[in-house]
1. Relative to the longest principal Cα axis of the chain, at what angle does helix 2-25 sit, 0 to 90 degrees, rounded to 10?
2. Put a dot 7 Å past each Cα toward the Cβ at residue 73 and residue 96; how far apart are the dots in nm?
3. For region 23-212, what is the percent of antiparallel DSSP beta bridges, rounded to the nearest 5?
4. Relative to the compact globular guide of 2.2 N^0.38 Å, what is the alpha carbon radius of gyration of region 27-118, as a ratio?
5. Return 172, 157 ranked ascending by Cβ neighbour count within 10 Å, so the fewest neighbours appear first.
6. Quick one: 125, 82, fewest Cβ neighbours within 10 Å first, how do they rank?
7. Please compute the contact order of region 147-216 in relative form: average sequence separation of alpha-carbon pairs under 8 Å and at least six residues apart, divided by the residue count, as a percent.
8. State, in angstrom, two size descriptors of region 23-212 derived from its alpha carbons: Rg to one decimal place and Dmax to the nearest whole number.
C-alpha cells in the first residue's frame, strides 16, 4: 500500500511539474498603444511592432494589446489578448485572428483627450503577473508625455520584479524642440520609475532594429 501511495505521489509530482514547466519557459507580452492627440498618426508603426511580436511568439506564449487613453486602468482598454495554443498550426490561426482584430480597431480608433500612461502600466503589470510566464515584457508605444484628468492619483511605485519595460517610438514633441531637456527628462523619469520598482528599462526608437525588443 505504501509503495502504491509512493507511486501515486510521484506521478502527481511529475504531472504538477509538467504543468508548471510551460509557464517557466513561456513569454508574456503586453503592448500599450498611445491613442492621445496627434500620436494616433503613429499607429501604422504600432502595427509594425505588433507584427514583429506575433512573429516572435511561440505556442504557449501570451500577448495582449491595450490602449492608453484618458483612464487606462480598466480592462475595457484591452483591445485584444490571447494565449497561444500548444500546436503551431492553432497558434498561427490565433495570430492571424488577433492581427485582424487590431486592424479593425485601427480603422475605428478615436483620439483620447488625456494620456493615463501610469494606469495602463499598472493594468499591464497585473496581466503579466497573472500569466505567471517566466519571461514578461511590457511594451509602451508612446511619446511618454502623461496628461491626467483633474483628480487622478497616479503617484505610486509599480511592482515590476521580472518585468522588462521597453519604450518604443518615443517621439519628440514640439516643446522638446524648444528645450531638448524636456525630452530627456521624460525618459529619465520613466527609467527611474521602472528601475526603482524592480524592473528593467530600455528604449527603442529605430523600428528597423526590432530584434532588440527581446534581446537580453
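FYI, it's all coordinate maths here, none of it is from the lab. Just so it is clear, the model here is predicted, and its values are computed rather than measured. FYI the Cβ positions are ideal-geometry reconstructions off the backbone, even for glycines, and counts take in every protein chain you see.
1. Around 20 degrees separate the two axes.
2. Placing both labels 7 Å along Cα→Cβ, they lie 4.1 nm apart.
3. Among the beta bridges of region 23-212, antiparallel pairing accounts for roughly 20 percent.
4. 1.09
5. Final ranking by Cβ density, sparse to dense: 157, 172.
6. Ranking 125, 82 by Cβ neighbours within 10 Å, fewest first, gives 82, 125.
7. For region 147-216, the relative contact order is 44 percent.
8. Cα radius of gyration and Dmax of region 23-212 are 16.0, 53 Å respectively.
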